Every structure is written in structure tokens, then in C-alpha cells.
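Notes follow the structure.
The values are calculated or read from the model by the stated rules, or taken from the named source; none is laboratory data. Bear in mind the structure is a predicted one, so any value in this text is a computation, not a measurement. Here the Cβ positions follow ideal geometry from the backbone for every residue, glycine too, while neighbour counts run over all protein chains shown. Each accessible area value is taken on the protein alone, full model and side chains, heavy atoms only, with ligands, DNA and RNA left out. Shrake-Rupley method; radii C 1.70, N 1.55, O 1.52, S 1.80 Å.
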Amino acid sequence: MLQFKDDDLYIDQVKLYEIAVKYGTSVYVYSKNQIVQNIENYKKALKNKDGFICFACKTNSNATILKNISKLGVGADVTSGGEIYRCLHAGFDPLKIVYAGVGKTEEEIEYALKNKVLMFNVESFEELDLINKVADKVKIKAKISFRINPYVDPETHDYVVTGKKGTKFGIPYKDALKAYLYAKKKKNIIISGIHSHIGSQILKIAPFELAAQKIKRIVNEVEKNGMKLEYINCGGGLGIEYEKSQKAPSPEKLVSKVLQIFDVFYKNKKFIFEPGRSIIANAGHLLTKVIYRKISDKKNFLITDAGMNDLIRPTLYKAYHEIIPIKKINTKKVKTDVVGPICESGDFMGKDVMLPLIDQGEYLLITCAGAYGASMSSQYNSRPLIAEVLVENDKIVLIRKRASYNDLLLNEV
Ligand code: LLP
């Protein structure tokens, strides 16, 4: 939780200034309490229901973060062999790992089978063929769900829409039954469930409900054709309030509205939700230093030591992250572009932001960057990956060391 005490911004009981001085900048800072709280919200929502959440670990795959999340007994949604590796390393129960992705390779499929993940969310007929073949080779039957594209537009950023007609994801709605009938004939496949994930940063409940209604229709059709589905996986996608003007539904509301649609199945099915952003986004922030200020043709710039390689969301999705000086400054506010050191005009953290007059050397917090922040970072411009710290009440733990110049050359021959 972020709050000002006197003139200083704190995360839980730790002054952000203290982190900046001790660990240097830029640095990702996470609140353990916030993560736990966000997970509790989902658990409460699923209380008395046969179901669990699988944390979408693409949002944040730091080993310590994952370890803390796995300890809470939840599962994981993975999308590559590397994510399976990380989740097993973090102690997730493989029987709570679900594996989606349009491009699973033969090696990844074998790795998933040998490590006994709960199921594959299959996204094409050819993928099913390959899973069947690999399962035969390793003599382990593969449990599958089909990921169905329900043709629902979640009205979010184009790049994170997945449930609309014409995207690369899942089996098209019209082919759903055909896919299950095809799978029924495969001797190494165990049909286990159904999956849909319509997109990300979704701020309305209606698209989730619409998708659920369509999935329910398919479940009925599939079961009429003699197949039994044990799991209904409703995907992730719940948005968060990056801006004060946004209103995000609570996990409780999402889960209860969606499960209402499936109520006839309560007795004989298990339900999975795959939240990512709504677990970790507001628990993490990017702390950065203003290295220089300049006025260029009447435009105010603050140049920070965080760049688009550390947080790509503003430039990639035109995403808004509120930027707060970590010391209260009571000057008038001026329109400011907060930009990074990278050689591209797309390298910005915020454009036309109203900020007080900030001195060189002051620190800024780029908020709600816990999801798809560090996990999407790169070494572009040969900038070593930055440090990450986890705060628990009044304690700070370093959970990723700042990389060195030497690390830049790792694996180069
Ligand atoms: N399940 C599946 C199959 C997914 O593909 C995703 C995210 C999730 C669950 C979790 O969705 P969430 O609850 O986090 O919305 N990099 C983008 C978002 C990409 C979303 C990818 N899939 C961003 O920074 O906004």
C-alpha cells in the first residue's frame, strides 16, 4: 500500500527514499502484503465453490514472487517451458499448472508431460496431433482442454484482445465441437475441460458473462456427444485502476457473475480463473531518479534513469501509469514529459503529465508496474536488467540483483 507520511511516500512501512539510497535506481519495488491481499480477494470469491486460481505467471515471474504466491496454495497459468521450469522451481504443485499458448514446441510438450502438469489448453488441431504423438512417445497420457475463442470483443487495447473473431488464439467458436470429436478419437488424449481467455485489462463484466454463456453452450453440446468435462477454465483478464477515473470490478463480482452462469454445473465441475494483472499490478512500482531536466522548445522534460527497456507498457500500449514524486512538493504543477535515456522518441514513462517542479536528483515512482513490467523488460541499449526488492511490513528483501556489465556478455561467444 502506498501512502504519504508527512512529506515522504511509503510502501507499507518502508520509506521509498530509503530503498532508492540503499539499492540504487531504477528499481522495481513490490509489496508482499498487497500480493497476499489480492490473492485473498480471489480466494474469498471462490469460497464454497470447487475451484482455484492459477496465477498467470507471465505477468511477473520473479522467483521469490512466485515462491510467495505458490505458498498461498494457488496454481499457475504458464505459456512456455521456461515458465513451467520457473513454477516448479517456485514450488507450485504441477497438478495445479495449466499450460496455454499457440506455439508449444515438441520439446515443451514433452517437458510438460514428464513434469505432469494438470493440462494443456490446446489451441489448434495440429497442436493436438503433436501432443498425442509426444504422449505416445513418452507413454504418458495427456490431459487437455481446448481453448475456445468465443467471438467476444472485450473492448480493450487491440494488442491484448484474444477472444474476438480473427485473432490467433484458441479454436474458433464454430469449430469447438469438431475439435472435441477429433480429440475423442486420439488414444493418448484425455479430454478434461474447456478454456477461454478473452483478453486483458478488461474493465466490464459483460464480456466475461457473454463468453461464459457461449462456453456453457459448448459444454452442453460436448457432453451430449458423450464426453465429460471436469474443468471449466474462465481465463484471466480482469483490469485494474491505473487511473483514478477508471473503475475496475472486484474479483468477487467477476467470479460470482461468471459462476452464476455455470450454476447448473456446480456439482460436477471444477472452476479455474487465471488472474495475472489483478494479482500483481498494483503491488509493484518502478522507482526511478530524475537525472536531468530540460526545456526543449517550451516543453518540459524530466529524464529518468528508467527507460522503455525497463517498462515498455507506456510506449507499446500507450498505457498510463500514474507518476508520483516520492517527496511532497508544493509548487505549481506543470505539463511534463517523463522520458528515459534510450535513443528513441518512443522512450517515455508518461507524456503531458501534470507534475510539480522537480529538482535534479529527485525520485519518482511509476506506479502499478508490477504486472508486465519486469517480466517484459530487456537489455536494449545494453542496459543491464535492474534490481527488484520485496517489502514486507518494515523489511526490505533484495529479490533480484542489479545485473552487471559482465552479465551483458553472458552466453555470447
Ligand atoms: N490467461 C491467459 C491464457 C493469458 O494469455 C493471460 C494474459 C492471462 C491469463 C492473464 O491475464 P491478466 O489477468 O493479466 O489480464 N502485456 C500486456 C498484457 C498481455 C496479456 C497476455 N495474456 C500488458 O502489459 O498489458
Using alpha-carbon positions, the gyration tensor of the range 268-347 gives root eigenvalues a ≥ b ≥ c; with a/c under 1.5 called rounded, otherwise prolate if a/b exceeds b/c, else oblate, the class is prolate
Straight-line reach check, residue 299, cutoff 29 Å on alpha carbons, 8 or more apart in-chain or any other chain, hits among lysines -> 244, 289, 318, 327, 328, 332, 333, 335, 351
Whole-Hz Karplus couplings 3J(HN,Hα) for the range 287-296, θ = phi - 60° and coefficients 6.51, -1.76, 1.60, Gly and Pro as x, run 9, 9, 10, 7, 7, 9, 10, 7, 10, 10
Once amide hydrogens are built 1.01 Å from N within the peptide plane, the residues lying 5 or more places from residue 350 or on another chain with amide H under 5 Å from its amide H are 338
So for the range 217-290, using the alpha carbon gyration tensor with a ≥ b ≥ c as root eigenvalues (a/c under 1.5 gives rounded; past that, a/b versus b/c decides prolate or oblate), I'd call it prolate
All alpha-carbon distances of the range 206-332, grouped into 5 Å bins from 0, give the whole-percent distribution 2, 7, 13, 15, 13, 10, 8, 8, 7, 6, 4, 3, 2, 1, 0
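At 1.4 Å probe size, with the rest of the protein present, what percent of the exposed accessible area of the chain is carbon and sulfur atoms?
Details: 9600 of 18840 Å².
Ligands and nucleic acids excluded, carbon and sulfur reach 51 percent.
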Taking 108-115, 192-199 and ranking on average Cβ neighbours within 10 Å, highest first, one gets 192-199, 108-115
Protection proxy (average C-beta count within 10 Å per residue), highest first, orders 120-127, 232-239 as 232-239, 120-127
Shape call for the range 307-407, from the Cα gyration tensor axes a ≥ b ≥ c (a/c under 1.5 means rounded, otherwise prolate when a/b beats b/c, else oblate), comes out oblate
Mean projected area (nm²) from the convex hull of Cα positions in the range 353-413 is 6.8
Partner lysines whose C-alpha sits under 25 Å from that of residue 137, ignoring same-chain residues fewer than 8 away, are 96, 104, 114, 116, 184, 185, 186, 187
Along principal axes, largest first, the alpha-carbon spread of the range 100-275 in whole Å comes out as 54, 34, 28
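Mean residue ellipticity at 222 nm from the helices of the chain, using -39,500 (n - 2.57) per DSSP H segment of n ≥ 4 over the full residue count, to the nearest 500 deg cm²/dmol?
Computed mean residue ellipticity for the chain: -8000 deg cm²/dmol.
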Quick P(r) readout (the chain; Cα-Cα; 20 Å bins; whole %) gives 26, 53, 20, 1
Note, residue 81: beta-carbon cut-off 12 Å, +1 each Lys/Arg, -1 each Asp/Glu, net -2
per DSSP, antiparallel bridges as share of beta bridges in the range 100-275, % nearest 5, sits at 5
Here the percent of antiparallel bridges among DSSP beta bridges lying wholly in the chain, to the nearest 5, is 50
Computed on Cα atoms, Rg of the range 115-179 relative to 2.2 N^0.38 Å comes out at 1.30
For residue 29, the net charge from surrounding residues (Cβ-Cβ under 13 Å; K, R +1; D, E -1) works out to 0
For residue 380, the net charge from surrounding residues (Cβ-Cβ under 12 Å; K, R +1; D, E -1) works out to -2
Along the range 159-176, Karplus-curve 3J(HN,Hα) (6.51, -1.76, 1.60; θ = phi - 60°) to the nearest Hz, with x for Gly and Pro, reads 6, 10, 8, 10, x, 8, 3, x, 8, 7, 8, x, 8, x, 3, 5, 9, 4
